[in-house]
1. So, of the residues in the range 132-145 that are over 17 Å from the mean Cα position of the chain (by Cα) and surrounded by 12 or more Cβ atoms within 10 Å (Cβ to Cβ), which turns out to be nearest to LYS179 (Cα to Cα)?
2. Looking at (1) of a type in the set (Val, Ile, Thr); (2) open to solvent by 60 Å² or more (accessible area, probe 1.4 Å); (3) in contact with a strand residue (DSSP E or B) (Cβ under 7 Å, 6 or more places away or on another chain), find the lone condition where ILE31 falls short.
3. Pull up the range 110-131, narrow it to residues that are of a type in the set (A, V, I, L, M, F, W, C) and farther than 18 Å from ILE167 by Cβ, then point me to the one that is surrounded by the most Cβ atoms within 10 Å (Cβ to Cβ).
4. Could you check how many residues of the range 74-103 are open to solvent by less than 50 Å² (accessible area, probe 1.4 Å) and closer than 14 Å to GLU131 by Cα?
5. Is it the case, given these coordinates, that LYS192 is over 14 Å from PHE126 (Cβ atoms), among the basic types (Lys, Arg) and open to solvent by 10 Å² or more (accessible area, probe 1.4 Å)?
6. Considering only the range 11-20, I want to know if a residue exists there that is open to solvent by less than 70 Å² (accessible area, probe 1.4 Å) and closer than 29 Å to ILE182 by Cβ.
7. Collect the residues in the range 28-50 that are over 22 Å from THR229 (Cα atoms) and touching a Phe, Trp or Tyr at 6+ places or on another chain (Cβ under 7 Å), keeping them in residue-number order.
8. What single numbered condition from (1) under 21 Å from ILE238 (Cα atoms); (2) surrounded by 19 or more Cβ atoms within 10 Å (Cβ to Cβ) fails to hold for ALA173?
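The values are calculated or read from the model by the stated rules, or taken from the named source; none is laboratory data. Predicted model only: the values in this text are computed from it and were never measured. Glycine also receives a Cβ, built like all others from the backbone with ideal geometry; neighbour counts cover every protein chain displayed. All accessible areas refer to the heavy atoms of the entire protein, side chains included, with ligands and DNA or RNA removed. Shrake-Rupley method; radii C 1.70, N 1.55, O 1.52, S 1.80 Å.
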Amino acid sequence: MGKGSDSMQYGKMVEGRFLARPNRFIAHIEINGKTEVCHVKNTGRCRELLIPGTTVYLEDYKGRMGTRKMRYSLIGVKKGDVLINMDSQAPNKVCEEALLSGILKLPEMGALTCVKREKTFGDSRFDFFLEDEAGQSGWLEVKGVTLEEEGIARFPDAPTARGVKHIEELIDAVQEGYKGYILFVIQMPAVKWFEPNDKTHKAFGDALRRAKKEGVHVLAATCSVNTNTLNLHDLIEIKLD
């Protein structure tokens, strides 16, 4: 899988300097010498990214506010020389585009004839329900990854009982004859490999290892990131042991 056309496009972007994050939903950002209260499009901890003084990039909604209360949304952050997209809605969007365009091909499934978002199986709502030209059906769950340590991408950055539940439901789906997939969209380029963050939530890693043994396909892909675009790029190695 190589780089496709831009599949996640933002509007006008501005540069700022991160100051503080009073809660999960807002951040104080210095933009053009003024402190602005901005919407954070990621409720994860992101503590290794949001460090006071760090350069960040925000989407400016001036002229198209609609029902919005805040003019700016925090989208990207610089970590050293690397630009990381931290928009938690972006992974599903780039994944959908890659599925529809055929850039992302799933093991054991042919050309897709149906890609439906937010469908329910059991007690879980998966990100995608899929059907291929041979009539096979499958379920795909997408997880955005912003945590990187020494070139290794890890998930989650905080305990996630919901994430464990999704994996268990994927196992159930495979046992009922569906294809099952979990895709970790690494919202940055050029990492060495992906692995579960056992230090933070071993139960998630254990569930992921069990899922692979039960036939769930575990995939991870890096992204090419610019200030106003995000593209799904290359599938990379996964280390579960």
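1. GLY138
2. Result: ILE31 fails condition (2) only.
3. As a first pass, look at the range 110-131 and keep what is of a type in the set (A, V, I, L, M, F, W, C): 111-112, 114-115, 121, 126, 128-130.
When the remaining residues are screened for being farther than 18 Å from ILE167 by Cβ, the result is 111-112, 114-115.
On the way: ALA111: 9, LEU112: 19, CYS114: 11, VAL115: 15.
Among those residues, the one meeting the criterion is LEU112.
4. Quick first cut of the range 74-103, residues open to solvent by less than 50 Å² (accessible area, probe 1.4 Å) only: 74-77, 83-87, 90-92, 94-96, 98-99, 102.
Of the ones still in play, those that are also closer than 14 Å to GLU131 by Cα are 96, 99, 102.
Result for the range 74-103: 3.
5. Criteria met by LYS192.
6. No, there is no match, as no residue in the range 11-20 is open to solvent by less than 70 Å² (accessible area, probe 1.4 Å) and closer than 29 Å to ILE182 by Cβ.
7. The answer is GLU36, and nothing else.
8. (1)
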